[in-house]
Amino acid sequence: MHEIYRKINELLEKGETFAVVTIVKTEGSTPRKAGARMIVLPDGKTFGTIGGDCVEAGAVAEALEALKEGKPKTFTVALKEEELGGIGMKCGGMAEVYIEVINPRPKLLIIGGGNIGAQLAKLGHDIGFEVTVIDPAVKKENLPEYVKVIPEPVENGVKMVEITRQTYVVIATGHKYDEDALKAVINSNATYIGMVGSKRKAAVTLKKLIEEGFAEDKVKTVHTPVGLDIGAETPEEIAVSIMAEIIKERRKPGATGNSLKISF
């Protein structure tokens, strides 16, 4: 069991999403008893065991469905060959299984601590993100105390941050070093990269990266100009626009970004 907890901690540190499958109740003869746990990754790989192959095949399928939906679930496995719902094993028992979906706390990495970056840091924290700001000129006292500040040049700063699949990156340098920032994170594990700027500036920057040999498919994933079109003008409004897009990306495919207004 200690190995399971060590693996959970390891996955959390890496920012991985995974499911923990736990037998919560058994009746009759079963391969494993209540408390047995197994970890299921989104690619179907497992760690630990809750019983024989047949038991685990069903559990993995249910866990993958739970990961897809992002919701916990409970199901029952009947281990009787003759019963409806049985899986062909002759243990003669039943196991109730609980699946918990583990989503590590998302990280918001902001490169640039100016007006937009500061407002974005506040909003990101309020929504539940772990916030880090990289800016060689930023003053920590200008940002909330809960924000991790790295007052380093962008290349050095990025090396000091572990970018995982739970990391959302926003570049808001006021065009001072947008290109350097984008180059530093474009090949990272970040699930989202956005860059503040005009359409013209965005097109020029992205085209230059492709010309310099960066993979076109990677470059095309960058959200720039960043945010949803809500007519934002002030730093506060722009921060809302950016976070709205990040939330939309986190919740897809269920999130459309369309108005929820009904018509009748």
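Counting only strands (runs of 3 or more DSSP E) that sit wholly inside the range 103-157, those with at least 2 residues that are of a type outside the set (Asp, Glu) and within 13 Å of ILE246 (Cβ to Cβ) are 107-111.
Taking the stated definitions as given, is TYR98 assigned to a strand (DSSP E or B), in contact (Cβ under 8 Å) with a residue 40 or more places away in the chain and under 17 Å from the mean Cα position of the chain (by Cα)? Considered against the rule, which asks whether it is assigned to a strand (DSSP E or B), in contact (Cβ under 8 Å) with a residue 40 or more places away in the chain and under 17 Å from the mean Cα position of the chain (by Cα), TYR98 comes out as no. Hey, among the residues in the range 223-256 that are closer than 17 Å to GLY174 by Cα and aliphatic (A, V, I, L, M), which one's modelled with the lowest pLDDT? Across the range 223-256, the extreme among qualifying residues is ALA232. Scanning the range 123-141 for residues that are crowded, with 16+ Cβ neighbours inside 10 Å and either over 18 Å from the mean Cα position of the chain (by Cα) or over 16 Å from THR167 (Cα atoms) (or both) gives VAL133, ILE134, ASP135, VAL138.
Regarding GLY51, is this residue modelled with pLDDT of 90 or more and either surrounded by 22 or more Cβ atoms within 10 Å (Cβ to Cβ) or among the polar types (S, T, N, Q) (or both)? Spelling it out, it is not the case that GLY51 is modelled with pLDDT of 90 or more and either surrounded by 22 or more Cβ atoms within 10 Å (Cβ to Cβ) or among the polar types (S, T, N, Q) (or both). Only residues that are more than 18 Å from VAL77 (Cβ to Cβ) and either free of Cβ contacts under 8 Å to residues at least 24 places away in the same chain or open to solvent by less than 90 Å² (accessible area, probe 1.4 Å) (or both) were counted in the range 14-38, giving 4.
All told, GLU65 falls short of being part of a loop (DSSP other than H, G, I, E, B), surrounded by 13 or more Cβ atoms within 10 Å (Cβ to Cβ) and modelled with pLDDT of 85 or more.
The values are calculated or read from the model by the stated rules, or taken from the named source; none is laboratory data. Bear in mind the structure is a predicted one, so any value in this text is a computation, not a measurement. Cβ: placed from backbone, ideal geometry, glycine included. Neighbour counts: every protein chain shown. Note: areas computed on protein heavy atoms with side chains; ligands, DNA, RNA excluded. Shrake-Rupley method; radii C 1.70, N 1.55, O 1.52, S 1.80 Å.
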